[in-house]
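The values are calculated or read from the model by the stated rules, or taken from the named source; none is laboratory data. Note that the coordinates shown come from a computational prediction; the quantities given were computed from them, not determined experimentally. Note: ideal-geometry Cβ built from the backbone for every residue, glycine included; neighbour counts use all protein chains shown. Just the protein is used for accessible areas: all its heavy atoms, side chains included, with ligands, DNA and RNA removed. Shrake-Rupley method; radii C 1.70, N 1.55, O 1.52, S 1.80 Å.
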Amino acid sequence: MMKNRINSAFMAMFALLLMLSAGGVNATTVNNDMTYVTDVTDTVWQGTRDGKPGEGSMLYRFEFSDNNQVQVIKQSGGFNHSGQQTWRQEGNRIIINSYANSKITDFDGATLTFYADDRVKFNLDGDSFVIHKWYEYRSYSHVIFILLGLMLLNELCRRVVWSNYLLFFILPIVLIPLWSSYEVTYWFKWVKLYSVVGAAALFTLIRFTKIGNMKWAKFGAAAFLAINISEAVMQDFSMGNAANVLNAIGGILSIITLTGWLSIQADKTKERDMVWPAMTTFWIIAYDVWNIVFVYLNFPGSATAQLMVLISATLPALFIKKGTWLQARAFTLAGSFMYYFTNPAMYESNVIAMPRNDELMLAAGAASFIINSVYAYIFFSKKWQQRKLTKAAI
């Protein structure tokens, strides 16, 4: 009876996740037949867009005041710009103009057209993206939803076998037309989506089939993590900034300190969890620091949400079932990317920006470098001591 109740609770949560993913409005076509008269005075609006190759993504924030002034903030992988600009509203459009010598001229000559009460479409020379009205309480609720939803998703995948096949084998194929329709063009996001979905699929096979006894599958599980880090390291190096380079070195140290992949196996519990006994808590924490710094530097609009994704894997692996961090990381990361691709408007309209400036970025990169260097020093010191003991025993 208790087992049935637990399964019913997981099914209800899973259904809620699907409804929320499908329930958001993602339309990007401007409806010229309707006129919206939303007053933007004393409101905050935000928009994210993919940058050019090597830029990561960009976050724009607009704080409109009642004196026709707007504080515009533009953040990307390599810079943080902000400044006052002028604005006026003409019917269905908002017009923003920069002052002389402004570092942000992106909206000069652009058309910002309402197509809903809380959405504006930016257009300039064929370039476009969506700007959303920002609701503070809804955004914080959304962040909490991501954390709790992904932790429950992880438990669902642990306890209900068929959910793994639905999530990681069927939906990533069935939903391709939907995902493609939202014009997510940045290569890194697509690579991440299918690399983590592929990893979650492999982990499912390791857990429930004889593939889990094969060395290539164990190596593949570890390789997923190394490749996942390598993709981000390449992105960081392509930026060329000091903070990014420091973080990239931290990522390399994470890769070379991975060890004990032959110990990866499905345990003998009823959940058949894939465990990696050789993975240490210190390595996981150092990885988490590296990863959130990577997102913070390159994708400022995603940093807070991705912090929740990291926590949603780390907490279960430390306090619910030790040794399952890699499994939880794949399940929660795949779930977050599938959620984003299914409903980017929900994700992008609820961005909570972290405090960010050049000094904080450099400090973050240094922190990632230091903590991964400390772990690497401890790791290689132990290896050296083991070799000395082995030689002394011969």
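Residue-wise test of (1) open to solvent by less than 20 Å² (accessible area, probe 1.4 Å); (2) more than 10 Å from the chain's Cα centre (by Cα); (3) farther than 20 Å from residue 233 by Cα.
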site	(1), (2), (3)
278	no, yes, yes
286	yes, yes, no
291	yes, no, no
317	yes, yes, yes
333	yes, no, no
340	no, no, yes
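Please verify whether region 269-276 includes one or more residues that are among the hydroxyl-bearing types (Ser, Thr, Tyr), without any contact (Cβ under 8 Å) to a residue 60 or more places away in the chain and touching a Pro at 6+ places or on another chain (Cβ under 8 Å).
The answer is no; no qualifying residue exists.
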Condition test on residue 68, is it in contact with a Ser or Thr (Cβ under 6 Å, 6 or more places away or on another chain), over 24 Å from residue 340 (Cβ atoms) and either open to solvent by 40 Å² or more (accessible area, probe 1.4 Å) or touching a residue at least 60 places away in the same chain (Cβ under 8 Å) (or both)? yes
Mind listing just one residue for me: the one in region 153-186 that is among the charged types (D, E, K, R) and part of a helix (DSSP H, G or I) and, of those, nearest to the chain's Cα centre (by Cα)? 155
Just for helices (runs of 4 or more DSSP H) wholly inside region 199-318: which have at least 3 residues that are touching an Asp or Glu at 6+ places or on another chain (Cβ under 6 Å)? 242-256
Might you check whether a residue that is modelled with pLDDT of 95 or more, over 21 Å from residue 248 (Cα atoms) and of a type in the set (A, V, I, L, M) occurs anywhere in region 332-340? yes
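To keep it simple, each residue is scored yes or no on (1) closer than 30 Å to residue 364 by Cα; (2) among the β-branched types (Val, Ile, Thr).
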site	(1), (2)
80	yes, no
84	yes, no
95	no, yes
100	no, no
104	yes, yes
109	no, no
112	no, no
116	no, no
Single residue of region 185-232 satisfying the filter (β-branched (Val, Ile, Thr), at pLDDT below 95 and open to solvent by 10 Å² or more (accessible area, probe 1.4 Å)) that is nearest to residue 344 (Cα to Cα): 185
